[in-house]
Amino acid sequence: MPLKNTSSAALPFSGYQSLPDEVCQQRILAAKEKLGKRLVMLGHHYQRSDVFQHADFTGDSLKLSRLAANSAADYIVFCGVHFMAEVADILSRPEQIAILPDLSAGCSMADMATLARVERAWRELKAVCDPDTTFTPVTYINSAADLKAFCGEHGGIVCTSSNATKILEWSFAQREKVLFFPDQHLGRWSGHKMGIPLDEMVLWDWDQPLGGLTPEQIRKARIILWNGLCSVHMMFQPSHIRRFRQEHPDGFVISHPECSFEVCELSDFVGSTETIIKTVTEAKPGTRWLVGTELNLVNRLAEQFKGEGKVVQFMASTVCMCSTMARIDPQHLAWCLENLVAGHVVNQIKVPDEEAELARVALQRMLDAS
Ligand code: 13P
Ligand code: SF4
């Protein structure tokens with residue numbers, strides 16, 4: 001059971017704000033040592049290296065959600081973004097505590113689909129069909145818990161970048177159409193991989209009545225794609241790939257499915273962060289790779305494999321970092337961990353019970369189907 005200190009107040013962050021990084025690193029290590037098995041630290045592959053190095057387990061969203069579901073620790077400190085810590089809370093036992101070291105570490109794509117907007121879309125679709133018997137709602141795991149709960153309640157499911165095609169197959173086995181949110185690019189690429197023509201996947205503009213679509217377009221569509229995107233992955237352009245191929249005709253290109261359809265189409269491989277790591281790891285020494293995903297991960301791969309003569313290049317010429325995930329820094333981590341040592345929980349992520357119950361239904365459907 002987590003320990004609680006009721007005799008003193010939590011340590012304020014102001015005492016950590018200007019601590020030098022090296023001091024934080026020492027204090028993080030000391031706190032981890034004291035907390036032992038009561039603590040598990042999960043780190044997403046996009047996390048900055050000075051935080052990532054402290055993670056007990058690392059992974060993509062699917063792997064991390066499985067790890068959170070199976071962890072025995074009292075405290076799950078999530079070095080990722082808000083929706084990941086919510087998933088850890090939903091899938092862990094009630095007495096376990098999920099913590100996000102900086103509460104402002106959100107996901108701008110997740111914020112593009114709100115429950116109010118999705119409920120409005122569902123209501124508006126009723127002018128054309130009965131959405132509850134026609135559409136399976138599918139939410140990318142990069143979404144707030146209330147949207148996962150919406151999917152749980154309406155016969156829907158969650159997907160990640162590593163299982164989206166499988167989840168679409170499951171969804172079409174339930175109902176004839178899919179409403180996919182928030183990432184249009186993952187939805188389009190996964191639908192395309194299933195053989196669905198592009199003109200049967202239409203875009204829902206949440207600012208317009210009926211998503212800016214005609215009833216006829218909705219009747220013809222197999223997938224309605226929410227108009228959301230990841231601004232980090234939008235920086236990668238087909239021209240980057242064309243230039244690379246001209247300069248290095250023997251090189252390989254691998255991209256994350258949050259990239260645009262054109263970038264995915266021009267790539268040799270498309271996959272989740274875990275798939276990108278596995279593919280480059282298993283590649284022959286001496287190969288060259290152009291990688292279309294977040295900079296921290298690409299830099300780590302470049303460093304890790306240069307000894308084997310593999311060259312790993314970042315796809316864009318500008319810096320594309322997940323700036324929200326980067327808000328989790330050594331100062332916030334030291335602050336959270338030292339508070340735990342002192343018996344105080346700061347930055348707990350707690351999804352309300354009713355919402356968590358329905359979200360768990362949609363997440364469990366995903367874990368069972370993948
Ligand atoms: P992965 O599940 O591939 O790690 O992706 C998560 C994410 O947020 C990518 O932007
Ligand atoms: Fe969200 Fe994009 Fe960051 Fe992934 S990279 S967590 S989709 S903002």
- Under-5 Å amide H pairs with Gly106, H placed in peptide plane, nonlocal only: His82
- Task: Run through every distinct alpha carbon pair of the chain and return the Kirkwood hydrodynamic radius in angstroms, one decimal place.
- Result: 21.5 Å
- Query: Give me the log10 of I(q) over I(0) for the stretch 133-261 at q = 0.21 Å⁻¹, as the Debye formula computes it from C-alpha points; what are the numbers?
  - Reply: -1.24
- Under 20 Å Cα to Cα from Lys4, which aspartates and glutamates show up? Leave out anything in the same chain fewer than 8 places away. Glu33, Asp74, Asp89, Glu95, Glu338
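So for the chain: antiparallel DSSP bridges make up what percent, rounded to the nearest 5?
On the way: 1 of 38 bridges.
Here the antiparallel bridges make up roughly 5 percent for the chain.
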- Message: Greater than 26 Å separation of Cα atoms is the criterion. Which listed pairs, Lys193/Lys278; Lys34/Lys278; Lys32/Lys63; Lys278/Lys306; Lys63/Lys350; Lys63/Lys193, meet it?
- Response: Lys34/Lys278
- For the stretch 127-139, in residue order, the Karplus 3J(HN,Hα) values (coefficients 6.51, -1.76, 1.60; θ = phi - 60°; whole Hz; Gly and Pro = x) are 5, 10, 7, 8, x, 5, 10, 9, 10, 8, x, 10, 10
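With +1 assigned to the C-beta of every Lys and Arg and -1 to the C-beta of every Asp and Glu, and no other charges, what is the dipole magnitude of the chain about the Cα centre in debye, to the nearest 20?
Working: 36 positive and 44 negative charges, 114 e Å.
That gives the chain a dipole magnitude of about 540 debye.
Roughly how large, in nm² to one decimal, is the mean projection of the convex hull of the alpha-carbon atoms in the stretch 37-103? Write out the running numbers ahead of the final one.
Details: hull surface 15.6 nm².
Across all orientations, the stretch 37-103 yields a mean hull projection of 3.9 nm².
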- Query: Whole-Hz Karplus ³J(HN,Hα) for the stretch 9-14, in order, using 6.51 cos²θ - 1.76 cosθ + 1.60 and θ = phi - 60°, x for Gly and Pro?
  - Reply: 7, 4, 6, x, 5, 4
- Note on the structure: The relative contact order of the stretch 93-242, taking Cα pairs under 8 Å that sit 6 or more residues apart, comes to a percentage of 24 percent
- For Lys126, go through the lysines and keep the ones whose alpha-carbon is under 16 Å away, minus same-chain ones fewer than eight residues off. Lys177, Lys220
- Message: For the chain, what does the helix formula give at 222 nm: sum of -39500 (n - 2.57) over DSSP H segments with n ≥ 4, over the residue count, nearest 500 deg cm²/dmol?
- Response: -12500 deg cm²/dmol
- About its Cα centre, how strong a charge dipole does the stretch 20-177 have in debye, to the nearest 20, once Lys and Arg get +1 and Asp and Glu get -1 at the Cβ? 220 debye
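Got the relative contact order for the stretch 216-370 handy, in percent, Cα pairs under 8 Å and 6 or more residues apart? Mind dumping the intermediate values first?
Values: 162 pairs, mean separation 27.7, N = 155.
Normalised by residue count, the contact order of the stretch 216-370 is 18 percent.
Rule-based calculations on the coordinates, nothing more; no lab input. Every value quoted in this text rests on a predicted model; they were computed, and no experiment measured them. Don't worry about glycine lacking a Cβ; one is built from the backbone with ideal geometry, like all the others, and counts go over all protein chains shown.
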